[in-house]
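This report concerns only the one structure given below.
The values are calculated or read from the model by the stated rules, or taken from the named source; none is laboratory data. Please read all numbers here as calculations on a predicted model, not as lab measurements. Neighbour counts run over all protein chains shown; Cβ positions are idealised from the backbone, glycine included.
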Amino acid sequence: MSSSDNSASAAAAPPAKRARIIALTSGKGGVGKTFMSANLAAALARRNLRVLVLDADLGLANLDVVLNLHPKITLHDVFTGKNHLEDAILPAPGGFSVLLAGSGLVEYSRLTPQVREQLVGIIETVAPRFDIILLDTGAGISDVVLYSVSLADEVLIVATPEPTSMTDAYATIKVLATHQQRRAIGIVVNQVSRVGEGRAIRGQLQLVVDRFVPAMLPAGDTAPKLELIGEVPLDGAVREAVQKRQLLLEALPGAPAARAIEIVATRLAP
């Protein structure tokens, strides 16, 4: 085969497979975002997917607490060059992998050029090794949170029926639409008290978005479409699992909230 044939074969080769990157974020804390990230990862792993949860809540990480892990090596050690990235990727209960961030590290609460570069480098390195990467971001619209979300292919906003959560969810949607040109955003409504409440909340948010966001966009642009990916009921089993530092899907897989998370995973799985 000639060198030109080799070149043609190389050009025709399919690109290397890369993980789908999904950011889970929220307008406010306390809505169950990290709980959702961990249990959703377990549900996706059950579908024979290679899943990594990256704790992108730099500086205020608590994924290790939810999973009852005590890491000796964290992203902080990788960022500082103390340890290799491979050493920081840990197996988690539920059959998925995690990259845990250190907690209480003020230097990672600000988006410096160094943090930006390191975060991108890590994601680019691990993306070919997994099918799905879940970014468990911080809450709110800080620079670090928004930058973490910008690295994702898809965004899931976790909200609850509380008025403050809905208000902050709208604020997040508005920023993602105006600063990142997001035109499709998934919604997971946690702690619903009745079937259909999530659909109603998604509808309320869409009405507000349609009314106010277009005026903030370039002429001709449309407001983002919000898609309800799932609703998770208020369930005492969640509190029980959290207190025991166990995954709900492992401790009480038959609980209503666990079944609801399985439905979310089904809708997200390829």
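Scanning region 206-226 for residues that are touching a helix residue (DSSP H, G or I) at 6+ places or on another chain (Cβ under 8 Å), surrounded by 14 or more Cβ atoms within 10 Å (Cβ to Cβ) and under 23 Å from ARG267 (Cβ atoms) gives VAL209, ALA223, PRO224, LEU226. Flag set for LEU90, criterion: modelled with pLDDT of 95 or more and over 30 Å from VAL192 (Cβ atoms).
Filter region 33-70 for residues that are outside any helix (DSSP H, G or I) and crowded, with 20+ Cβ neighbours inside 10 Å and give the result.
Those that are outside any helix (DSSP H, G or I) and crowded, with 20+ Cβ neighbours inside 10 Å: LEU49, VAL51, LEU52, VAL53, LEU54, ASP55, ALA56, ASP57, LEU58, ALA61, LEU67.
Restricting attention to region 142-174 and to residues that are without any contact (Cβ under 8 Å) to a residue 60 or more places away in the chain and within 17 Å of the chain's Cα centre (by Cα), the residue that is surrounded by the fewest Cβ atoms within 10 Å (Cβ to Cβ) turns out to be ASP143. Screening THR222 against (1) under 26 Å from ASN68 (Cβ atoms); (2) modelled with pLDDT under 95; (3) polar (S, T, N, Q) leaves a single unmet condition, (1).
Name every residue in region 93-104 that is more than 20 Å from ILE132 (Cα to Cα) and either modelled with pLDDT of 90 or more or touching a Ser or Thr at 6+ places or on another chain (Cβ under 7 Å) (or both), in order of residue number.
Taking region 93-104 as the starting set, the residues that turn out to be more than 20 Å from ILE132 (Cα to Cα) are 102-104.
Hit for region 93-104 is GLY102, nothing else.
Give me the pairs: first residue in region 195-219 and free of Cβ contacts under 8 Å to residues at least 40 places away in the same chain and under 18 Å from GLU162 (Cβ atoms), second residue outside any helix (DSSP H, G or I) and polar (S, T, N, Q), beta-carbon distance under 9 Å, and six or more apart or on different chains, which are they? Listed pairs, sorted by first residue: GLY198/ASN190. Condition (residue is modelled with pLDDT under 95 and not polar (S, T, N, Q)) applied to region 168-175: is it met by at least one residue? Within region 168-175, none of the residues are modelled with pLDDT under 95 and not polar (S, T, N, Q).
Within region 9-30, residues that are outside any strand (DSSP E or B) reach partners that are modelled with pLDDT under 95 and aliphatic (A, V, I, L, M) with beta carbons closer than 7 Å, at six or more positions or on different chains, in the pairs GLY27/ALA139; LYS28/ALA139; GLY29/ALA139. The single condition from (1) under 23 Å from THR137 (Cβ atoms); (2) in contact with a helix residue (DSSP H, G or I) (Cβ under 9 Å, 6 or more places away or on another chain); (3) modelled with pLDDT of 95 or more that ALA255 fails is (1).
Listed by position, the helices (runs of 4 or more DSSP H) contained in region 95-198 that have at least 2 residues being farther than 21 Å from ILE21 by Cβ and touching a Leu at 6+ places or on another chain (Cβ under 7 Å) are 163-179. From the list LEU252, LEU268, LEU247, the one residue that fits, being crowded, with 16+ Cβ neighbours inside 10 Å, under 22 Å from LEU67 (Cβ atoms) and touching a Pro at 6+ places or on another chain (Cβ under 9 Å), is LEU247.
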